[in-house]
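*Asks:* Have a look at the structure that comes next, please.
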Amino acid sequence: MTINKLAIIGGSGLYDVEEFKNRELIDLNTPWGKPSDQILKTIYKSKEVYFLPRHGKGHFISPSKINFRANIDALKQLGVTDIVSISAVGSLKEELPPGKFIIVDQFIDRTFARQKTFFDEEIVAHVSMAHPTSNGLMNACEEALKKEKIDYQRGGTYIVMEGPQFSTLAESNLYRSWGADIIGMTNMPEAKLAREAEIRYASVSMVTDYDCWHPDHENVDVQQVISVLLGNAAKAKNMIKNLIENFENHIDPNDPTNNCLGVAIITSPEKRSQKTKDKLKTVAGRVLNK
């Protein structure tokens with residue numbers, strides 16, 4: 001029987017959940033290097049939960065330098081089955097003002113300087129990303145947001161830009177013309193790698209500004225973003241606590257993530273070296289060791 005374990009990946013402004021008093025900090029290594037920081041293990045309401053600050057505590061890792069592969073591998077080592085990403089984003093629509101939360105269901109990946117797959121040597125895999133987030137986890141996020149009476153939107157397209165600079169006005173208007181809802185720098189390749197590792201994934205984004213397309217936000221600055229983040233931090237932490245209590249009620253046994261590698265690996269078995277299989281044992285051992 002699978003034991004379901006939830007991990008929260010905290011983005012800008014969310015580097016810890018201080019309310020978790022039962023604390024163990026875990027230092028892990030992976031074949032891809034070290035994750036962003038130590039991983040917090042806590043027991044909350046009798047459930048084992050993990051928390052990883054994506055940029056490291058104190059925010060010292062640029063979006064392009066985040067070791068996404070190490071982060072996902074490390075969480076998989078710990079037995080994590082479900083990840084909820086918390087991120088700060090800019091809004092591309094008037095009706096999504098600063099302070100609103102978005103349960104993301106689609107991404108447009110515009111990053112270009114990142115390692116985006118675990119399967120880059122000898123073993124090739126093509127996982128489906130048609131529906132990149134878990135419907136069951138999104139239901140759990142929605143229930144958690146409703147309980148806190150947080151203003152939110154269910155469903156939205158997140159443009160992931162490379163950064164670390166904010167958009168030009170031309171770029172911002174281009175993304176608006178595509179019908180995207182929000183823009184940020186970190187959910188890709190995170191969502192892709194979670195899928196490759198067969199970890200269910202959901203993304204809850206907190207709007208901090210309108211991006212530069214909006215006449216009142218032409219010069220987006222970090223202080224603006226931080227002030228909104230601080231206002232949302234308490235809400236986000238309460239949402240996380242609600243999520244821990246309810247996420248198992250929403251797990252879908254037919255979620256396509258659960259066994260996606262079974263139909264994704266195309267490389268012939270005789271071409272798979274033991275060295276590469278060992279490297280992939282955490283994320284893909286279920287299918288490679290058959």
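The values are calculated or read from the model by the stated rules, or taken from the named source; none is laboratory data. As the structure is a prediction and not an experimental result, all values here were calculated from the model. Note that each Cβ is placed from the backbone with ideal geometry, even for glycine, and that neighbours are counted across all protein chains shown.
*Asks:* Could you please find all residues in the range 93-118 being more than 25 Å from Asn139 (Cβ to Cβ) and of a type in the set (A, V, I, L, M)?
*Replies:* Answer for the range 93-118, where residues must be more than 25 Å from Asn139 (Cβ to Cβ) and of a type in the set (A, V, I, L, M): just Ala113.
*Asks:* Only one of Ile102, Ile123, Ile86, Ile61 is touching a Gly at 6+ places or on another chain (Cβ under 7 Å) and either closer than 30 Å to Asp27 by Cβ or among the polar types (S, T, N, Q) (or both). Can you tell me which?
*Replies:* Numbers: Ile102 fails: either closer than 30 Å to Asp27 by Cβ or among the polar types (S, T, N, Q) (or both); Ile123 fails: touching a Gly at 6+ places or on another chain (Cβ under 7 Å); Ile61 fails: touching a Gly at 6+ places or on another chain (Cβ under 7 Å).
Only one candidate qualifies: Ile86.
*Asks:* If I filter the range 31-40 for residues that are crowded, with 19+ Cβ neighbours inside 10 Å, among the charged types (D, E, K, R) and either touching a Phe, Trp or Tyr at 6+ places or on another chain (Cβ under 8 Å) or touching a residue at least 12 places away in the same chain (Cβ under 8 Å) (or both), do I get at least one hit? Give the derivation first.
*Replies:* Narrowing the range 31-40 to residues crowded, with 19+ Cβ neighbours inside 10 Å: 32, 35-37, 39-40.
Then keep just the ones that are among the charged types (D, E, K, R); that gives 37.
The next check asks that each one be either touching a Phe, Trp or Tyr at 6+ places or on another chain (Cβ under 8 Å) or touching a residue at least 12 places away in the same chain (Cβ under 8 Å) (or both); those that pass are 37.
Yes, there is a match, as at least one residue in the range 31-40 is crowded, with 19+ Cβ neighbours inside 10 Å, among the charged types (D, E, K, R) and either touching a Phe, Trp or Tyr at 6+ places or on another chain (Cβ under 8 Å) or touching a residue at least 12 places away in the same chain (Cβ under 8 Å) (or both).
*Asks:* Quick check on the range 46-81: of everything there that is among the aromatic types (Phe, Trp, Tyr) and either closer than 22 Å to Asn4 by Cα or touching a residue at least 40 places away in the same chain (Cβ under 8 Å) (or both), which residue is surrounded by the most Cβ atoms within 10 Å (Cβ to Cβ)? Working first, answer last.
*Replies:* Taking the range 46-81 as the starting set, the residues that turn out to be among the aromatic types (Phe, Trp, Tyr) are 50-51, 60, 68.
Retained after the next criterion (residues that are either closer than 22 Å to Asn4 by Cα or touching a residue at least 40 places away in the same chain (Cβ under 8 Å) (or both)): 50-51, 68.
Numbers: Tyr50: 21, Phe51: 23, Phe68: 25.
That would be Phe68.
*Asks:* Which numbered condition in (1) among the charged types (D, E, K, R); (2) closer than 29 Å to Ser12 by Cα; (3) in contact (Cβ under 8 Å) with a residue 24 or more places away in the chain is the only one that Asp216 fails?
*Replies:* All conditions are met except number (3).
*Asks:* Going through Thr276, Thr267 one at a time, which residue ends up being in a helix (DSSP H, G or I), under 18 Å from Ala197 (Cβ atoms) and among the β-branched types (Val, Ile, Thr)?
*Replies:* The conditions single out Thr276.
*Asks:* Now a separate question. Please identify the pairs in which a residue from the range 126-151 that is at pLDDT 95 or above has its Cβ atom under 6 Å from the Cβ atom of a residue that is among the aliphatic types (A, V, I, L, M) and part of a helix (DSSP H, G or I), counting only partners at least 6 apart or on another chain.
*Replies:* Correct list of pairs: Pro132/Ala191; Ala140/Leu243; Ala144/Met239; Ala144/Leu243; Leu145/Met239.
*Asks:* Out of (1) free of Cβ contacts under 8 Å to residues at least 24 places away in the same chain; (2) more than 29 Å from Lys45 (Cβ to Cβ); (3) not in a helix (DSSP H, G or I), what's the single condition that is false for Asn254?
*Replies:* Single failed check for Asn254: (2).
*Asks:* Provide a single number: the residues in the range 196-207 that are over 19 Å from Arg114 (Cα atoms) and assigned to a loop (DSSP other than H, G, I, E, B).
*Replies:* First, the residues of the range 196-207 that are over 19 Å from Arg114 (Cα atoms): 198-207.
Those left that are additionally assigned to a loop (DSSP other than H, G, I, E, B): 198-199.
The number of residues fulfilling the criteria is 2.
*Asks:* Here's another thing I want to ask about it. Return the residues of the range 17-34 that are farther than 14 Å from Ala7 by Cα, modelled with pLDDT of 95 or more and either in contact with a Leu (Cβ under 7 Å, 6 or more places away or on another chain) or in a loop (DSSP other than H, G, I, E, B) (or both); say none if nothing qualifies.
*Replies:* Hits for the range 17-34 are Asp27, Leu28, Asn29, Pro31, Trp32, Lys34.
*Asks:* Is there a residue being of a type in the set (Phe, Trp, Tyr) and either part of a strand (DSSP E or B) or on the phi > 0 side of the Ramachandran plot (or both) anywhere in the range 51-62? It would help to see each step written out before you state the result.
*Replies:* We begin by selecting, within the range 51-62, every residue of a type in the set (Phe, Trp, Tyr); these are 51, 60.
Keeping just the survivors that are either part of a strand (DSSP E or B) or on the phi > 0 side of the Ramachandran plot (or both) gives 51.
Yes.
*Asks:* Does the range 38-50 contain any residue that is part of a helix (DSSP H, G or I), within 20 Å of Ala194 (Cα to Cα), in contact with a strand residue (DSSP E or B) (Cβ under 8 Å, 6 or more places away or on another chain) and of a type outside the set (D, E, K, R)? Can you show your working first?
*Replies:* Of the range 38-50, the ones part of a helix (DSSP H, G or I) are none.
There is no residue in the range 38-50 that is part of a helix (DSSP H, G or I), within 20 Å of Ala194 (Cα to Cα), in contact with a strand residue (DSSP E or B) (Cβ under 8 Å, 6 or more places away or on another chain) and of a type outside the set (D, E, K, R).
*Asks:* Could you tell me whether the range 242-249 includes any residue that is in a helix (DSSP H, G or I), touching a Phe, Trp or Tyr at 6+ places or on another chain (Cβ under 8 Å) and surrounded by 19 or more Cβ atoms within 10 Å (Cβ to Cβ)?
*Replies:* Yes, the conditions are met somewhere in the range 242-249.
*Asks:* Just a yes or no: is a residue in the range 87-99 of a type outside the set (Lys, Arg), within 14 Å of Lys192 (Cβ to Cβ) and surrounded by fewer than 23 Cβ atoms within 10 Å (Cβ to Cβ)? Full working, then the answer.
*Replies:* First, pick out the residues of the range 87-99 that are of a type outside the set (Lys, Arg): 87-92, 94-99.
Within this subset, residues satisfying the condition of being within 14 Å of Lys192 (Cβ to Cβ) are none.
Within the range 87-99, not a single residue is of a type outside the set (Lys, Arg), within 14 Å of Lys192 (Cβ to Cβ) and surrounded by fewer than 23 Cβ atoms within 10 Å (Cβ to Cβ).
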